[in-house]
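Here the structure is laid out as structure tokens; the discussion comes afterwards.
The values are calculated or read from the model by the stated rules, or taken from the named source; none is laboratory data. Since we're looking at a predicted model, the values are computed, not measured. Cβ: placed from backbone, ideal geometry, glycine included. Neighbour counts: every protein chain shown.
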Amino acid sequence: MSTIRKKNEAKILKAASQVFASEGYAATKTIDIAKLAGVPKANVYYYFGNKETLYSAVLETIIEPLLSATHPIETIDNPAIALTEYIKTKLIISRDYPYASKVFANEIMRGSPLLSPEIRQRLMNQSTFLLDKFTQWIDAGQMDDVSPHHLLFMIWSSTQTYADFSWQINAVMGKSSLAASDYDDAARLISQLVLKGCNVRSGNDTAISTPG
């Protein structure tokens, strides 16, 4: 792929993420995406074919980071560290992909009509893996007998909100945008609440302190 093509596609994807996030799929017009990207409208169709394909491409920019977010849970045996790193990763996704995160959230709220069956299955497989892992930790006595489902939903909501409600969060904090330190503070607090709330323990039932 040529450098020019990569740059144009990246500009269009970035602009499309913003417009889809603010307007929704149905109300979005390709001319508005082209204007924001600073390219002719014809270029949008040249690189992506149609609005639905472009929308799917925007979703793909967030799907892969979301699917990769479980890497700490997959590779770290210590549940305190694994959960802490998972929470950090989810917050980084909200920080680095704010518009695509909103597009994804809107798609889920609409019942995911434009997510491919393959992606829906991969996301479901990921959720099943996380629930099974939480259950394993509970059965091994490494955390209290909490609801794995509601624990997962709580982590999702507390990290995703930094993308979905960024305007309100920024307004309350009196900032135009959050700094990296703000996301670090959020990660520490959410991790502390999860670890202490679930009473995460090591194999010998000793309480595990929140990682710094």
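Let's see how each residue does on (1) farther than 25 Å from I63 by Cβ; (2) surrounded by fewer than 15 Cβ atoms within 10 Å (Cβ to Cβ):
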{"site": "F134", "(1), (2)": "no, no"}
{"site": "W137", "(1), (2)": "yes, no"}
{"site": "D144", "(1), (2)": "yes, yes"}
{"site": "L151", "(1), (2)": "no, no"}
{"site": "T159", "(1), (2)": "no, no"}
{"site": "Y162", "(1), (2)": "no, no"}
{"site": "K175", "(1), (2)": "yes, yes"}
Problem - helices (runs of 4 or more DSSP H) fully within the range 30-108 counting 3 or more residues that are surrounded by fewer than 17 Cβ atoms within 10 Å (Cβ to Cβ) and of a type outside the set (A, V, I, L, M, F, W, C) - result: 41-48, 51-68, 71-75
Fill in the blank from the handout: Pairing a residue in the range 19-37 that is assigned by TED's automatic domain parsing to the domain that holds K6 and on the phi < 0 side of the Ramachandran plot with any residue that is part of a loop (DSSP other than H, G, I, E, B) and surrounded by 14 or more Cβ atoms within 10 Å (Cβ to Cβ), where Cβ atoms lie under 9 Å and the two sit 6 or more apart in sequence or on different chains, gives V19/T28; F20/T28; S22/T28; I33/V39
Exercise for the section: Kindly indicate whether any position in the range 157-167 is of a type in the set (G, A, S) and farther than 16 Å from I93 by Cβ. Expected result: no
Exercise for the section: Pick out the one residue from K14, K51 that is under 19 Å from P113 (Cβ atoms) and among the basic types (K, R). Expected result: K51
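Table: residues versus (1) hydrophobic (A, V, I, L, M, F, W, C); (2) free of Cβ contacts under 8 Å to residues at least 40 places away in the same chain.
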| site | (1), (2) |
| --- | --- |
| I93 | yes, no |
| D96 | no, yes |
| P117 | no, yes |
| L131 | yes, yes |
| D139 | no, yes |
| M154 | yes, no |
| T159 | no, no |
| F165 | yes, yes |
| A187 | yes, no |
